[in-house]
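Quick notes on the structure that follows.
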Amino acid sequence: MKKLLPYLKPYKKQCLIGPLCKWIEALLELILPTIMAFMIDQGVLKQDRSIVFTYGILMIFMVFIGFCFSLICQYQASIASQGFGTDMRNHLFERIMRFSFEDLDRFSPATLLNRIGNDVNQVQLAVAMLIRLAIRAPFIVIGSVFMAMILDMELALILLAAIPLIVLTLYLYSRITTPYYQIYQEKFDRFLNILEQNLNGVRVIRAFLSQAVESKRLDEASMDLQVQMTRISRISALLNPITALIINATIILLLAAGILSLPDAIPAGTLIAFINYATQILLALVATSNLIVIFSKASASARRINELLAVEVMTTNAQAHEKTDAQHALSCSHLQFTYPHAAHPSLIDISFTIHKNETIGVIGGTGSGKSTLAAVMMNFYPCAEMKLFGRSVAEYDATILQRLITLIPQKNELFSGTLKENLLYGNPLASEAEMWEALRQAQAEDFITVKGDGLALRIEAGGKNLSGGQRQRLCIARGLLRQSDIIIFDDSFSALDFETDAKLRQALGEHHDMTKVIISQRVATIWNSDRILVMDQGHIVGEGTHQELFDSCVVYREICLSQNIAKEGIA
Amino acid sequence: MNIQKILQRMLADIRHFRFAFLCSLVFAIAATLLNLYAPLCIGTIIDRITAQKTPADIFSQSFLLIIVYLLYSLTIWGMMLATNHIAYSFGYAMRTALIKKLEKLPVSFYDTQDHGDLMTRFSNDVDLMADGLLQGLSTLLSGIVTVIAAIAFMFSINLTMTIIVILCTPLTFLVGKIIAQRSHKYFVAQANDLGHLNAHTQEMLHGLRTLKIYGQEAAAYQKFQSLNQTLYQSGQKSQFYGSLVNPSTRLVTNMAYTIVGVSGAILALSQRISIGNISSFLLYSNQFSKPFNEISGVMTQLQSAMASAQRVFALLDTGEESSADSGTITSVCGHISFSHVSFGYDPYHLLMQDLCLDIPAGSRIAIVGRTGAGKTTFINLLMRFYELNSGVITLDGTDITKMSREDLRCHFGMVLQDTFLGEDSIYQIIAYGKKNATKEEIIQAAKQSGAHEFIKKLPQGYDTQLNSNSFLSQGQRQLLSITRVMLMDPAILILDEATSNMDTRSEAHVNAAMEKLMQGKTCFVIAHRLSTIIDSDRILVMEQGSIIEQGTHEELLTKQGAYASLYNSQFIHPTK
C-alpha cells in the first residue's frame, strides 16, 4: 500500500479537508447527548421554558452543521478517490503499453485487465473509506473513553479493559477467516475452470454422452464451495454474539460497581452515560471491522498493482536512421538466443544471409524455433547479433525500424471499428486506392465487395464477425500497406485453403522490391521460394532450394513425404 | 420479468428451507424482544440503586439481566446460523439448478452465448442473489420485529410522544428514496462508462503485440485516457451522490432525536410525562429509526440481487433440447442417408438446401471445401447438435429424430481439432466414453493407438493426473483422444481437422493411429490437407452449404471441376 501513496499526492488537500470535516461532524454528534442532558437538567428540572427552546434550536443547528460538514467530507472523498483511481489506471495503462514482449509473456491479458480494473477499484474504495470512515471510528472510541474518564476515572477503567478484548476478538476473527477466504477463492477458481472447460468442450461431452459425468464433476466443485462457505459462515456467525457478550458484560460490571458503591451511590446519570458510551464504542469498533476487510482486500490488490509498477519499462536510446549495407537485408552468424528466464537456448548457432528482394521460406515443426527467429528479426527480444541492412536491429530508431521491417503474426488481431480504421493501423497515410490494392493482393477484395459496405465495413472486437480465413487476409492487407522493405509472414497463410493460399502468393510475386520471409508448416506454401531454411530444434539443419534440400536434408524430405510432395514438387 | 415475479420466484425457491426460515424468524423475534427488554431491566436496577434498596433486591434483578444478555447472544447466534444456512444453501441450490440446466441446453446455445457472461451468472450473479437474500432477510426480519415491538413499548408509556416519533422516522425513508432517484442516472452512466473502458482495455491488451508491431500504442493510450476521463466524471458524481445516503439518514435521525427531546421536555414542563419517560423515548426513537436506516441501506443490495436473479432465471428458462424415448436401436452397422435436408442457423437464411445423400455402411467419406462452406454444419446435423429445418436423416433406416440423442450419439466417435481431455487420471480420460472399461481393455486400446509408448514413460503411468496446464504435447493429447474413441469402438467415426494443429512428425504418429481406428467403420473426414483425403471412398466438395461435386479422387480430377482446381492450387508457383 505504501508504494501507492505518492499517487495520493495531488489530492493532499482533499485528504486533509475530508477527514477534518468528518472529525467535526463526529465531535458535534458526540456533544449532542450532553446538550440534551443539559436541556433536561437546566430546563425541565428548573421549569425554564426559554432554556428548552434555546437548547432545542442549538441542537437542530448543530445537527444541520454536522450534516453540512459531512457533505463536504463525502465530496472531498469522491474527488480524491476517483481522481486517484483514474490517475492510477492511466498510469498503469501507459506503462503496459510500453511493456516489452518478454513482459507480455509473463502477464496474460486477463491478469492485466483484472489489475487495471478490479484491483484499482479496490484500492480506490479503500481511499474513499480511509477519508470517510477511518478517522471517525477511532475518534468516537477515544472520545467516548475520554468523556467517560472526565465523569468517573475508576469506572472508566472498566471501559478501558473492554476495548482490548473487542479489538482482540476482531483481530482473531480476521486472522482466522482470511486463510479460509483464500481457500474459498482457490476453490472458486477451480469451479470456474471446470465450468469453462464444460462450455468449450460441449461437443465432445455430448458426443461421449458424458453430461452426467461432467455435471457430477461440476456439482462436486460446487459442493466444495458450499462446504467451505459454510465453514466460514459458522465462524462469522459468532462475531456478533461474542462482541455483544463482551460489551454487555461491561455494562453488567458497570452496574455491579454501582451496586458495590452502596450506600455511597454513584449518580444514576453517570451510570446511564457510561452505558451509552459503551454501546457507542461497540458500534464504532464493529464499523472498524468492516474497514479491516476492505483494507485487507485493498492491500492484496495493491500488491498486485505494485508487481506491474515494479516492471522496468525499457527505454532505448537507439537512434540509428541509416542502413549501412543496402544489399544484405537480414544476416547473422553463429547467433544464439535464449528467452529471458529460460534454461535452454531456443536458437542455436544460426547463420544465414538474406539478400534484398529475395523470397525466403522457413519450415520446421512446432517448437523448432521459426517464430522465435521472426521475433528476433523484429527486435521483439533484444539480440544484438541479428543484422538488418548491415546494422544490429537493436540500433535502429523505433519508427525507422517499423519502416524497414514488418511482421504479419500467426494470431490475427483485428480491432473494433471500420475496415478502414483497421487498415490505417498498417499505414496511417494510406489512400483509399492503396487500401483497395492491398485488399486485392491479399485476396480480400472479393468478400469485402460481397459484404457491400466497402471500407466502411464494421469489424467487431477481435474480428469476431469474420471467419478465420477472412481475418487472416485482412491482416495481410494491413501488413502490405506498411510497404516496408522486408515483410515476414509468420505462418500467416495457415487458415487459408490451398487455392487462396496459392493466389495470394502469386499476387505477392508482383512485389519485386520487397524482401519476403515466409514461415510455414506447409511445404506447398514455401517449396518454390528462392531459398528455404529448414529448422529443427533451434538449429538451421538445411538451406537451399526445394530440389537441393530434398536430396540433401533428411528432415526436409521427411516433411515433404508426410505431405505427399515429391522432389519435383508434384505429388 | 417484472420485480414482483422475480421476488415471487425467489421466495418460492426459499420454501425448501422452511424449517431454517422458521428458526431464523423465531430467533429474530426473541433477540429483538430481549434487546428491547434489557434497557427496562437496566432502568429498574438504576432506580433501585438510586433508591438505596438492599443489595439482595438488586441482585435478583441483576441476575435477570445477565440471563437476558446471555439469551440475547445465543439467539442472535442462532439467527445468524439460520440465515447463513438459508442464503448459502440457496446459492448452492441455484448453482445445482444451473448445472442441471447445462446438460439440457442445445449446442446452439453454447455456440451463440458469450462464455464469459455465462460464467458470470454461475458465479457473481448467484453470489449476489444469495448475499442480497441474506442481508435482506436478516435486516427485514429484525427490522420488522423491532419496529412493532418499539411501537408497543412506546404506546404503553405515552400516546402523543409515540405519534411524534412515528411521524419523524419514516422521513429517513423518503430522503433515501429521493437520493436514490437522483443518483440512479449517474450509476447507470458509470456502469456504461466502465463497460466502455473495459472493452477498450481488453481489446488493446489482447492485441498489444499487433499494436506494438505497428507502433500504435500512443493512439490506444489516448483513447484510454479520454474514456477514463469520462468514467471519472460519472464515477465521481455517482460516488458522491451514493455516499449521501448515510449522512442524510443521520441528519433525519438526529433531527428526530432532537425533536423528540424538545417536545418531551415541553410535555414534561406541563407535568404530562416524567423525565425518565423522556430518556426512554430517546432510546426508543433510536431503536425505531435504526431499521429504517438499515433497510434503506440494504435496498441497493436488493436491487442488484434482483438484477442478478433476473439473469439467472433467464438462463434457467432458456428452451431445452427436446427428448425422445430411448432404447430403439442397440447396434447399428452405420448406413446413413440424408433426404431433402434443409438447414440454416438462422431460419430465414438457409445454408443447406434440399441435400440428398446415401452413405453405405463402412465407407470412408471425405468432406472438403473452403472455410465456411458448411463442413462443420454437416457434422452438427449428423450428431443432432442442431435440428433440421426440413428433411430427414436416417441411421440404418431409422429417422434420427425418432431416437433419443443419447442413443444416436453412442454410435459415433469424434476426434476434433481441439482436444478436450478434462482433468483426471489417464485411465479415466481414456475410459471417458466407456465408463465400465477394465484396465486391461484400456491398456489394450492404448497399445493399439500407440499412446501406450508415452503413457508408460509418464511418472505415474496410467495413474498420472492431467490438469489444464498439462505437460502433454498436442500430438500426445490427440493420441489420447483417439485411444478414447478406440476403446468405445463406435460404428461411425467423425474426424474434424484432427491433425491441423500438429507438426508433421507428430502428425505421422497420429495418422497411423487414425488409420487403425478407421478400419471397418463408416468415417467422415474433414481435413485441410489433401493427402489425408485421397484414399477416401468418396469425396464431397462443399460450397455454401451444398455439395457441388462428389466422387473418388480420380473421378473428380478427371472432371476438372472445383476439386481439381482446389487440388492443383497446392502446387501453383507464384512466379509461374
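With 26 Å as the limit, the listed pairs A:K370/A:K516; B:K101/B:K521; A:K9/B:K185 have B:K101/B:K521; A:K9/B:K185 beyond it between alpha carbons. Taking every full run of DSSP H in chain B, the ones that stretch at least 18 Å from end to end by Cα along their long axis and average 0.0 or higher on the Kyte-Doolittle scale are B:18-50, B:55-104, B:126-157, B:245-269, B:275-316, B:474-488. Round to the nearest 0.05 the FRET efficiency obtained for B:E423 and A:T279 when R0 = 41 Å and r is the Cβ-Cβ distance. Efficiency at R0 = 41 Å is approximately 0.20.
When the helices of chain B are scored as -39500 (n - 2.57) per DSSP H run of n ≥ 4 and the total is divided over every residue, the value at 222 nm lands at -21500 deg cm²/dmol. Shielding by partners for peptide B:234-246, expressed as the average number of C-beta atoms from other protein chains within 10 Å of each residue's C-beta, is 5. With the highest mean first, a sort of the peptides B:6-13, A:294-301, B:444-451 on other beta-carbon atoms found within 10 angstrom per residue produces B:444-451, A:294-301, B:6-13. When DSSP beta bridges are restricted to pairs lying wholly in the protein assembly as shown, around 50% turn out antiparallel.
The alpha carbon centroids of the stretch A:195-258 and the stretch B:404-471 are separated by 34 Å. What's the carbon and sulfur percent of chain A's accessible surface, probe 1.4 angstrom, rounded to a whole number? It is 60 percent, rounded to a whole number. With R₀ set to 35 Å, the beta-carbon distance separating B:A191 from A:L172 gives a calculated FRET efficiency near 0.40.
Charging the Cβ of each Asp and Glu at -1 and of each Lys and Arg at +1, and nothing else, the dipole of the stretch B:202-348 about its Cα centre rounds to 1000 debye.
Dipole size of the stretch A:78-197 about its Cα centre, with +1 on Lys/Arg Cβ and -1 on Asp/Glu Cβ: approximately 120 debye, rounded to the nearest 20. Using alpha carbons only, the radius of gyration of the stretch B:90-197 set against its Kirkwood radius gives Rg/Rh = 1.20.
Could you state how much accessible area is buried at the A-B interface, both sides summed, with a 1.4 Å probe, in Å² to the nearest 100? Display every interim value, and only then the final one.
On the way: alone 31230 and 32060 Å², together 50000 Å².
The buried area between A and B, both sides summed, comes to about 13300 Å².
Run through the stretch B:212-284 and list the trypsin sites (Lys or Arg not before Pro) located in a DSSP loop whose Cβ has at most 15 other Cβ atoms within 10 Å.
Details: sites: B:K212, B:K223, B:K237, B:R250, B:R272; in loops: B:R272.
In loop regions of the stretch B:212-284 (DSSP not H, G, I, E or B), the sparsely surrounded trypsin sites (Lys or Arg not before Pro) are B:R272.
Extending 7 Å from Cα along the Cβ direction at B:F454 and again at B:L140 yields two label points whose distance is 5.7 nm.
Annotation: the stretch B:167-309 has a Kirkwood hydrodynamic radius of 19.0 angstrom, from the mean reciprocal C-alpha pair distance.
Of the trypsin sites (Lys or Arg not before Pro) in the stretch A:380-411, which ones lie in a loop per DSSP and count no more than 15 other C-beta atoms within 10 Å? Walk me through the intermediate numbers first.
Numbers: sites: A:K387, A:R391, A:R403, A:K411; in loops: A:K411.
Hits after loop and neighbour filter: A:K411.
Suppose R0 equals 22 Å; then what is the FRET efficiency for A:K9 and A:S299 from their Cβ-Cβ distance, rounded to the nearest 0.05?
Working: r = 20 Å, r/R0 = 0.89.
The formula returns an efficiency of 0.65 here.
From other protein chains only, count the Cβ atoms within 10 Å of every residue's Cβ in B:255-261, then give the mean. All intermediate terms of the calculation are to be shown ahead of the outcome.
On the way: counts 5, 1, 5, 13, 4, 1, 11.
Counting other chains' Cβ atoms within 10 Å and averaging over B:255-261 gives 6.
Sorting the Cα pairs of chain B by distance into bins of 20 Å, from 0 upward, gives 14, 33, 27, 17, 8, 1, 0 percent per bin. Compared with the dominant principal axis of the Cα atoms in chain A, helix A:211-260 is inclined by about 20°.
With the highest mean first, a sort of the peptides B:308-320, A:62-74 on other beta-carbon atoms found within 10 angstrom per residue produces A:62-74, B:308-320.
With the simple model of a label 7 Å out from the Cα in the direction of the Cβ, B:D354 to B:T401 spans 1.9 nm. Look at where the Cα atoms of the stretch B:35-76 and of the stretch A:388-467 average out, and the two centres are 82 Å apart. Which residue, chosen from B:S274, B:S248, B:G461, occupies the Cα position most advanced towards the positive end of the dipole of the protein assembly as shown, where the dipole is computed from +1 (Lys, Arg) and -1 (Asp, Glu) charges on Cβ about the Cα centre? Result: B:S274, furthest along the dipole toward the positive end.
Based only on Cα atoms, what Rg/Rh ratio does the protein assembly as shown have, Rh being taken as Kirkwood's radius? Intermediate results must be reported in sequence, preceding the final value.
On the way: Rg = 37.7 Å, Rh = 35.2 Å.
For the protein assembly as shown, the value is 1.07.
The packing ranking, built from the mean of other Cβ atoms within 10 Å per residue, places the peptides A:513-522, B:551-560 in the order A:513-522, B:551-560, highest first. By the beta carbon rule, with partners counted only under 4.7 Å, chain A holds these lone Cys residues: A:C15, A:C68, A:C332, A:C383, A:C475, A:C553, A:C560.
Per residue, how much accessible area does chain A show when a 1.4 Å probe rolls over the protein heavy atoms, in square angstrom?
With all protein chains present, chain A gives 43 Å² per residue.
Modelled label positions at A:R49 and B:Q465, each set 7 Å beyond Cα in the direction of Cβ, lie 8.4 nm from each other. Specify which residue in the list B:V510, A:L253, A:T515 is farthest towards the positive end of the charge dipole of the protein assembly as shown, using unit charges on the beta carbon of Lys, Arg (+1) and Asp, Glu (-1), about the Cα centre. Checked the options; the winner is A:L253.
The angle between the Cα long axis of helix A:468-481 and the main principal axis of chain A comes to about 80°, on a 0 to 90 degree scale. Taken residue by residue and averaged, Cβ atoms of other chains lying within 10 Å of the Cβ of A:519-532 number 2. Candidates A:V167, A:A310, A:M153 compared by Cα position along the dipole of the protein assembly as shown: farthest toward the positive end lies A:M153, with charges placed on Cβ.
The values are calculated or read from the model by the stated rules, or taken from the named source; none is laboratory data. Because the structure is predicted, anything quoted here is derived from the model rather than measured. All Cβ positions, glycine included, derive from the backbone under ideal geometry; neighbour counts span all protein chains shown. Side chains included, ligands, DNA and RNA excluded: accessible areas come from the protein's heavy atoms. Shrake-Rupley method; radii C 1.70, N 1.55, O 1.52, S 1.80 Å.
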